[in-house]
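K.L.:
My questions all concern the structure below.
Every number here is computed from the coordinates shown, using simple stated rules; none is lab data. Keep in mind that what you see is a predicted model, and the values were worked out from it rather than measured. We place every Cβ from the backbone using ideal geometry, glycine too, and count neighbours over all the protein chains shown.
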Amino acid sequence: MKLENKKWTEEQFFTIREEILNHWPTGKEVNLQEAVDYLKKVPDHKSFPKKLAKAKEEGVTLAQPRAGVALIEEHIDLLTFLQNQGGADLLPSTIDSYTRQNRYDECEIGIRESRLTGRSLLNGFPAVNHGVRGCRKVYEAVNIPLQARHGTPDARLLSEIIHASGWTSNEGGGISYNIPYAKSVPMEKTILDWQYCDRLVGFYEEQGVSINREPFGPLTGTLVPPSTSNAVAIIVALLAAERGVKNITVGYGQCGNLIQDVAALRALEEQVNEYLKFFGYKDVFITTVFHQWMGGFPQDEARAFGVISNGAATAALAGATKVIVKTPHEAVGIPTKEANAQGIKATKMTLNLLRGQKLPMSQELNTEIALIKAETKCMMDKILQAGNGDLAVGTVKGFSMGIIDIPFAPSKYNAGKMMPARDNDGAVRYLMFGNIPFTEEIKEFNRRKMEERAKFENRQVCFQMTVDDIFAVGKGKLVGRPELVR
């Protein structure tokens, strides 16, 4: 297939689909017409799109954890515990790392060894290996909507299996599940592969089945400036809309400054709707997701709960439709189900206390929203220019040119010339611009903010600020100050 931002015909889609379903034996379990009939029977309380729409209408922020283990029954036990004891509003199935790399033979070994040892030897749920029959067991065992959360550059077979199983949401995208996750996967390939995933959802929509798609917002999760992640979210949403996706959740990862975080989420929702309307996608329903702090966590559980509650409060005050929950074991490894449930409970308590409250507009908030939107527009304009109006082509060229540049990404297709750091108030700014096409006015604003911090800390603007900021939250601070000004 030639890369272009144009909806595939059914003939093109079904030609590729036949090949995809033959990648692994469980692909043969997918019967598209039977899957459509099955999905049409999904009740409202187990439908991701319907639950999100209800939450948005009522102004409620829903709580969703991450979770996944190797075996079906153990996975069901984990999810039902988070549903019943943790009080989760939405459920995940976090997919294991082998599945994310399409290494299904190694998944089989992990499943077998997990059965022998009695503990999960995979770091998630191998949905492709368990197939439609296994994934439906999970869906039928829980009582709230189910989503696949992963990190898969090529999620075509995974998407076929989860949707045929009644899972009404899939996370990911051709940028957000490549650049932050893979080293050597070409952007052109992942965009094409995720065009397939979106065309599959578009096909279901044409049959009267609503499925939610959620691009992964936080990217590398480390000091990502809001305009960078917002530009990626907007691009992936537009690419999905062209394939017929009608229900999209755009996301953002917490940076830590309350004003900036609220501004980022509000700017994202406003701007993605503006772009969708501009390009003629008038029937796409947008919701938002706020990810609690994705960087280093304190090892002390009490301090970790402070970070979790802070993220929950920001999500509520920003008006997010849902929040992705962290756990007090974040710093030490995979959490127990009890720790995962505690993170949900702490989050929901904060959400309940702040229900109905939103951060009021102020001069500072309005300025930050305007700045984020202006920075984002600079990147979007140049991406479209690079592709001569074709967003898919422009995205591939734009990343090679460094128009969008994700900090600390492993991909060799990312420029890696931009560098972020916090300003004196903890907002994430651009320390080094690389090739990002900002106006001189925007560059000067970022420089001034960094110089204010440098003056306060009595040091030069430097990369050491970035290093200090990366470790700051784990040490109990937001801004990485030198010892003399701590």
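K.L.:
Arrange ASP89, ASP96, ASP425 by Cβ neighbour counts within 10 Å, fewest through most, would you?
P.N.:
Ranking ASP89, ASP96, ASP425 by Cβ neighbours within 10 Å, fewest first, gives ASP425, ASP89, ASP96.
K.L.:
A further question follows. With θ taken as phi - 60° and the coefficients 6.51, -1.76 and 1.60, list the Karplus ³J(HN,Hα) couplings across the stretch 385-394 in order, rounded to whole Hz; mark glycine and proline as x.
P.N.:
5, 4, x, 6, x, 8, 5, 5, 5, x
K.L.:
List the residues, sorted by chain then number, that are 5 or more residues from GLY251 or on another chain and whose placed amide H is less than 5 Å from its amide H.
P.N.:
Counting only residues 5 or more places away or on other chains, the set is GLY217, VAL289.
K.L.:
Right, next: Output ³J(HN,Hα) for the stretch 195-202: one whole-Hz value per residue in order, computed from phi by the Karplus curve 6.51 cos²θ - 1.76 cosθ + 1.60 with θ = phi - 60°, and x for Gly and Pro.
P.N.:
Rounded to whole hertz, the list is 5, 4, 4, 6, 5, 4, 5, x.
K.L.:
When the convex hull of the Cα atoms of the stretch 376-438 is projected onto a plane and the area is averaged over all directions, what value comes out in nm²?
P.N.:
It is 4.3 nm².
K.L.:
Could you state the principal axis extents of the C-alpha atoms in the stretch 13-94, from the largest down, to the nearest angstrom?
P.N.:
Rounded to whole Å, the extents work out to 43, 32, 19 Å.
K.L.:
Would you calculate a helix-derived [θ] at 222 nm for the chain, using -39,500 (n - 2.57) for each DSSP H run of n ≥ 4 and dividing by the full residue count, to the nearest 500?
P.N.:
Mean residue ellipticity at 222 nm (helix-derived): -16000 deg cm²/dmol.
K.L.:
Treat each spin label as a single point 7 Å out from the Cα along the C-beta direction, and report the LEU353 to LYS40 distance in nm.
P.N.:
Here the modelled spin labels are 4.8 nm apart.
K.L.:
Per-residue HN-Hα couplings for the stretch 89-102, Karplus 6.51 cos²θ - 1.76 cosθ + 1.60 at θ = phi - 60°, whole Hz, x for Gly and Pro?
P.N.:
8, 9, 10, x, 10, 6, 8, 6, 5, 5, 4, 4, 9, 6
K.L.:
Rounded to a whole number, what is D in µm²/s for the chain from Stokes-Einstein with the Kirkwood radius over alpha-carbon pairs (4 °C, 1.567 mPa s)?
P.N.:
So the translational diffusion coefficient is about 57 µm²/s.
K.L.:
For the cross-link pairs LYS46/LYS477; LYS51/LYS282; LYS6/LYS40; LYS377/LYS412; LYS345/LYS455; LYS51/LYS183, which exceed 32 Å when the distance is taken from alpha carbon to alpha carbon?
P.N.:
The answer is LYS46/LYS477; LYS345/LYS455; LYS51/LYS183.
K.L.:
Could you give the spread of the C-alpha atoms of the stretch 264-340 along their three principal axes, from largest to smallest, in whole angstroms?
P.N.:
Between the extreme Cα coordinates on each principal axis of the stretch 264-340 lie 49, 21, 18 Å.
K.L.:
Further question: Along the three principal axes, how long is the stretch 418-486 when you take its alpha carbons, biggest first, rounded to the nearest angstrom?
P.N.:
Principal-axis extents of the stretch 418-486 (Cα, largest first): 35, 22, 17 Å.
K.L.:
Most exposed first by the Cβ proxy, i.e. fewest other Cβ within 10 Å, how do GLU171, GLU444 rank?
P.N.:
GLU444, GLU171
K.L.:
Most exposed first by the Cβ proxy, i.e. fewest other Cβ within 10 Å, how do TRP194, TRP24 rank?
P.N.:
Neighbour counts put them in this order, fewest first: TRP24, TRP194.
K.L.:
Going by amide H atoms built from the backbone, whose H comes under 5 Å of the H on THR94, apart from near neighbours?
P.N.:
ALA67, GLY68, PHE125, ARG149
K.L.:
Okay, next question. Could you pull out the trypsin sites (Lys or Arg not before Pro) across the stretch 340-429 that fall in loop regions by DSSP (anything but H, G, I, E, B) with no more than 13 other Cβ atoms inside 10 Å?
P.N.:
ARG355, LYS358, LYS412, LYS417
K.L.:
Another one. Can you give me the distance in nm between label points at ALA339 and ASN388, each placed 7 Å from the Cα along the Cα-to-Cβ direction?
P.N.:
5.4 nm
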